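The values are calculated or read from the model by the stated rules, or taken from the named source; none is laboratory data. Since the model is a prediction, treat every value here as computed from it, not as a measurement. Every residue, glycine among them, receives a Cβ derived from its backbone with ideal geometry; neighbour counts consider all protein chains shown. Side chains are part of the model used for accessible areas, which takes the heavy atoms of the whole protein and leaves out ligands, DNA and RNA. Shrake-Rupley method; radii C 1.70, N 1.55, O 1.52, S 1.80 Å.
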Amino acid sequence: MNNLQKWKILKSKMVLDNPWCQVRQDEIKLPNGKIIDDYFVSIKPDVAMVLPITSNREIIFVRQYRHAVGEFFLELPAGNFDPTKESAEVAAIRELREETGYIPQEFIKIGTLYDKPSKDTNKIHLFLAENVSKVGEQELDITEEIEVVLIPLKSVLDKIAQGEISVAGTVAALFLGLKFISSQ
């Protein structure tokens, strides 16, 4: 591992610069001397994701349509945020409240993951929210139509095994969170 070297960026330009999607094209020099002139990088905002658990030991999921693959998915509440404007913790609590109407009594960070570091720039900041309670209605964005789904903690691993919960970030957060919960 000591001989591994970073790639060198020779040139970089933004080829798509839209508020919803940014793509950078890099010309890079690999450690072996080869040059790649069309390495594309997706510039994505960080994500705050919450593993919310009720006092009845149910996990709160959101079911929503994901247009890229044209299917509905069970996911943990999450959303993009700008770290120059709010912290990951504030964003996570805000997303939980907006998407589900719930807020936590106890809230801790359990990890930070990279989404797809070969092509994407963002991180996923994971939080565990325990003893969440419903305090209001959802406050959804124009692109959101979300069904709140409560699933008993003891059923979650079966739902993953059966493919009912299949979004990578949610699955990773659940495994990390379940390990953390079981150590308490």
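Structure notes:
- Some residue of region 5-13 being surrounded by 10 or more Cβ atoms within 10 Å (Cβ to Cβ), of a type in the set (A, V, I, L, M) and over 27 Å from Glu130 (Cβ atoms): yes
- Residues located in region 64-94, provided they are more than 13 Å from Glu147 (Cα to Cα) and open to solvent by less than 20 Å² (accessible area, probe 1.4 Å): Gly79, Phe81, Ala88, Ala91, Ala92
- Within region 168-184, considering residues that are closer than 17 Å to Ser155 by Cβ and open to solvent by less than 70 Å² (accessible area, probe 1.4 Å), the one modelled with the lowest pLDDT: Ile181
- Number of the condition not met by Leu51 [criteria: (1) in contact with a helix residue (DSSP H, G or I) (Cβ under 7 Å, 6 or more places away or on another chain); (2) loosely packed, with under 12 Cβ neighbours inside 10 Å; (3) hydrophobic (A, V, I, L, M, F, W, C)]: (2)
- Residue ID - nearest to Ile43 (Cα to Cα), chosen from residues in region 124-167 that are touching a Gly at 6+ places or on another chain (Cβ under 7 Å) and open to solvent by less than 70 Å² (accessible area, probe 1.4 Å): Ile124
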